[in-house]
Amino acid sequence: MKTLHSVYLFIWFSISFAQKIHWGELKQNEIELKTVDFETDADLVILEEFGDLKITRFGYEILEYSKIKILTPNGLDLINRSWTYPKNNIHNKVSFEKGNVLNVENNEVQIHPLKKTDLIIHSIDENTEELKILFPNIRVGSVVEYRRKILSNADLYSSPWRFQNDHPTLKSTLRLQNASNFKYKIILMGDRLHKKYGNKSNQKVWELTNIPSTKTITHVHNVEDFRERLMLQFDSSTSTHGTYYSSTRWSDFKKVLINDINTSLYKLSISNIAAKIPSGKTKEQTLINCIQYLQDNYKWSGRYSVTPKDLKLNLLSNQPAHSADFNILLKEILAYKKINSYYVIGSFRSRGKLVLEYPVFSRMSNLFLVVDLDQKKQRLIDAASMDPKNIDFPNLRFFNNSFIRVDTSVDIFLAIEPQLSVMETVSELNFMKSEVQLKSLTKANGYFDEIRIPEIVQKNAEFSTKYESEPQTKDNWTSKSKIFQTNDLKNIFQFDNPFVDDFQKFEIENNRNIPIEFDFPFIKTFVLKINHFDRYQLMNDNFNYQVSCLDSSLIYSQDLQKMDDHYLVTWQFLVGKSHINTSEIKEFTEFLQKVKLNLQNSLILKKSN
C-alpha cells in the first residue's frame, strides 16, 4: 500500500506542476521588470510561486515551485535560500529537487542548472539540520527558479502556506488535497484572502496576485496576524463529540474546558489552603498574598496552558504544574475570600491573536484570571509567572487585544488593555553669570524599559552634558537625572519640542486597512521652568495648543504660563489605548497631521536689549 501511495502522490504532484511550470522560460514582461510598482524599494520580487499541498495520515506534504528575480545589488545577498528541519525524521524534512539560474544574454535566456555542489547540508546542532542553496552566476536581473519538497508531521494544526512573503509577490497559488481519513478546518488569515474566498467553504485552490511584502505591515504586535496565509486545524467533529478538537464553536469548546476545570478540582479542600493565607486590608493586598503563597509553596513547570490537569495529583503533590492549574487554584481561593474573578482565554503576542470565529487551539496561550478589586479596579492575573509586587504591569506579551470569557453561555470577547505607563520630566533652565544650565529629572513606571531624557537643546550645538546619573529604582518607579550646560550666552536659544521623536515613530502608510497597535498606553509629560527671564524673553506667540481624537483617548497639549519670576512650559502627550481599529484610522491620521504641524514650532528665547 505504501508503494501505491507513493506512486499516486508522485503522479498527482507531477501532473499538477506540469500544468503550471515552464522551466527555463522567461516572459518578456519578466525580462523587462526593473522595479515593482506597488513596492518600489524591493530588492527581490517573487514572480510566481505554486504549491501543491497534500494532507496525509502523517501530517502534510508540499511540492513548492518558486521563481524570483533580483532587482538590486542588495538582492544578491538576499537571494540564497536556507531551511532548517529536524534530523533523522522522515516525516519532517525539506529536500531540494531542481533549480536553475536564468540570465538574459544577447536577447537569449541562458539556463544555468544547479548542481549538487551548489547545495550545502550541515548540522546546526545534534537535533537540527540546515539545507542551503547558493545560486551560481547571479547578477542584478538574474531570475532563479527552484522546486523543493516539504514533509511535516504537524497533524493537529499548522500554517503550511504563506501567500504573503518577505518580498513582494506577483502571483501565489496553492492547491489542496486531503488524502487522509481525517477532517481539517481551513482557516484563512489576511484581509485579501477573506474578501476573495471567505464565503467559499469547499474551495481547494487559492490564488492572490500583486501581494506586498510583510515589510509593509507596520505598527502591529505580530506580522503573522495580518499576513495572507492558510492554516489547518484537525477537526474530529464528525467522529467524536465533547472534545477540544471536535468543538466547532467557542461555546462547545468552553463547555469542555469548564468540565475539565471542575474535574481537576474533584475532592479538593480549598478551605484548608485558603486558611493559611492572610487576608489584607484591601482586596489587592489579599490577592498579592495569595499569589505569593502559591509561588512560594508550589512548583511552576515554566509552561503556560489553557487546559488543566488534576490539581490534587500534580500541583498539590509538589509536581511541576502548568499555569492553568495555578490560576484555577487561585480562583477557588479568592472565591473563599469573597473576591470575585472569572476566567479568560488569551493568546500571547508572539503566537498571534485568537481567531474569533472559531476555537483555533494553536492561537491560544493561557487561561488567565480577571480579578475584581476595590474601587472598580480589575487586573489580568497569571498566578504562576507574574511578580506579586507588581500586579499592575504583568508581562506585556499577555496583552494581545482580544480575550474570551469562559464562564458565559454566549461568546463575550474582551479588549483588555495594559495599564497606563507614565513618564514625567521636570527641567529647569537657569541663566547664570557665565553659563546656562539645564537640569532635568525624568521618572517613569510601567512598561518604559528605558529612561530617555528628551534632549530639547539638541539644536544648540554649544550645549554639552555635564552630568548624567545612573537609573535609580524605588517603588516601581525608575528615575534618572541629567545636566546640560553651555558657556556661550548667545543672543538666541532654540529648544525643540520634546516629543518630536515620539511622533516620528507614528508614521502611518496611506490607505491602511489593518489596525494600528502600540506596545502599551502611556502618558508623557515634560515641564520646563525658565528662570531669570528678565535676561531673555520668549518670542513665541499663540503657543498654547491642544488637540484630541477618539473620544480623548489621544491628547496632545502644550501650555505656556508667565509667572512672577519664571516661565513655565508644559508639553503633554497621552496615548490612552494601544489598539486602533481600522474604522478609527482616519481620525487618528488627522490627529497626527495636526500635531506634526505644531511640532515645527520650537521654543525661542531671545536676549533682552
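The values are calculated or read from the model by the stated rules, or taken from the named source; none is laboratory data. If you're wondering where the values come from, they're calculated on a predicted model, not measured in any experiment. Cβ: placed from backbone, ideal geometry, glycine included. Neighbour counts: every protein chain shown. Accessible surface is based on the protein model in full, side chains and every heavy atom, while ligands, DNA and RNA are left aside. Shrake-Rupley method; radii C 1.70, N 1.55, O 1.52, S 1.80 Å.
Based on every Cα atom in segment 329-428, Rg and the maximum pairwise Cα distance Dmax equal 15.3, 58 Å. As a ratio to 2.2 N^0.38 Å, the alpha-carbon radius of gyration computed for segment 116-239 takes the value 1.28.
Electrostatic tally near residue 303: other residues with Cβ closer than 14 Å to its Cβ, Lys and Arg +1, Asp and Glu -1, net +1.
Taking the Cβ-Cβ separation of residue 545 and residue 479 as r and a Förster radius of 41 Å, what is the calculated FRET efficiency to the nearest 0.05? Provide the component values of the computation, followed by the final result.
Working: r = 29 Å, r/R0 = 0.70.
E(calc), rounded to 0.05, equals 0.90.
For segment 279-356, the Kirkwood hydrodynamic radius from C-alpha pairs, put into Stokes-Einstein at 10 °C and a viscosity of 1.306 mPa s, yields a diffusion coefficient of 116 µm² per second. For segment 335-393, the calculated P(r), taken from all Cα-Cα distances in 5 Å bins from zero up to the bin holding the longest distance, is 4, 16, 21, 23, 17, 11, 7, 1 percent. Projected onto its three principal axes, the C-alpha set of segment 179-252 covers 43, 28, 21 Å, listed from the longest axis down. The loop-placed GluC sites (Glu not before Pro) in segment 89-177, going by DSSP, that have at most 14 neighbouring Cβ atoms within 10 Å of their Cβ come out as 126.
How do 271, 142, 557 rank by accessible surface area computed with a 1.4 Å probe, from largest to smallest? Show your work: numbers first, answer last.
Values: 271 50, 142 0, 557 25 Å².
So, going from the largest accessible area down, we get 271, 557, 142.
Per-residue Karplus couplings for segment 553-560, computed as 6.51 cos²θ - 1.76 cosθ + 1.60 with θ equal to phi - 60°, are listed in order as 5, 10, 9, 10, 8, 9, 9, 10 Hz, Gly and Pro entered as x.
Per the Debye formula with a single identical scatterer at each Cα and no solvent contribution, what log10 I(q)/I(0) holds for segment 509-609 at q = 0.10, 0.12, 0.23, 0.24 Å⁻¹? Taking Cα atoms of segment 509-609 as identical point scatterers yields -0.38, -0.51, -1.21, -1.29. Based on Cα atoms of segment 32-127, Rg over Rh with Rh as the Kirkwood radius reads 1.02. The largest-to-smallest principal axis extents of the Cα set in segment 484-563 are 52, 26, 22 Å. Global dimensions of segment 81-153 from alpha-carbon coordinates: Rg and Dmax equal 14.7, 49 Å. Computed from phi, the 3J(HN,Hα) profile of segment 243-257 under the Karplus parametrisation 6.51, -1.76, 1.60 (θ = phi - 60°) reads 10, 5, 7, 9, 7, 9, 10, 4, 4, 5, 4, 5, 4, 5, 5 Hz, with x in place of Gly and Pro. A straight chain from residue 511 to residue 413 at 0.36 nm per residue would run longer than the Cα-Cα distance by 32.5 nm. Computed from Cα atoms, the angle from the helix 585-599 axis to the main principal axis of the chain rounds to 40 degrees.
Residues whose amide H falls under 5 Å from that of residue 104, counting only those 5 or more places apart or on a different chain, are 110, with hydrogens built in the peptide plane. Computed from Cα positions, the angle between helix 2-18 and the longest principal axis of the chain comes to roughly 70 degrees.
When the alpha-carbon atoms of the chain are used, the pair Rg, Dmax equals 30.1, 99 angstrom. Helical runs assigned H by DSSP (4 residues or longer) give the chain a calculated mean residue ellipticity at 222 nm of -5000 deg cm²/dmol, each run adding -39500 (n - 2.57) before division by the residue total. Projected onto their three principal axes, the Cα atoms of segment 390-433 cover extents of 74, 18, 14 Å, largest first.
Over its Cα atoms, what ratio of radius of gyration to 2.2 N^0.38 Å does segment 395-468 give?
Working: Rg = 21.8 Å, N = 74, 2.2 N^0.38 = 11.3 Å.
For segment 395-468, the normalised Cα radius of gyration is 1.93.
Here is the list for segment 335-433: GluC sites (Glu not before Pro) lying in DSSP coil, each with at most 13 other C-beta atoms within 10 angstrom of its C-beta, are 357. Residue 189 sits with roughly 20 Å² accessible to a 1.4 Å probe, with DNA, RNA and ligands left out of the calculation. Each Lys and Arg adds +1 at its Cβ and each Asp and Glu adds -1 at its Cβ; summed about the Cα centre, the chain shows a dipole of about 1600 debye.
Karplus-derived 3J(HN,Hα) values for segment 387-396, using 6.51 cos²θ - 1.76 cosθ + 1.60 with θ = phi - 60°, are 6, x, 7, 9, 6, 6, 10, x, 3, 5 Hz; glycine and proline are entered as x. With a cut-off of 11 Å between beta carbons, the residues surrounding residue 187 carry a summed charge of +1, where Lys and Arg count +1 and Asp and Glu -1. Per the Debye calculation on segment 557-609 with a single equal scatterer at every Cα and no solvent contribution, log₁₀ I(q)/I(0) for q = 0.20, 0.24 Å⁻¹ amounts to -0.89, -1.08.
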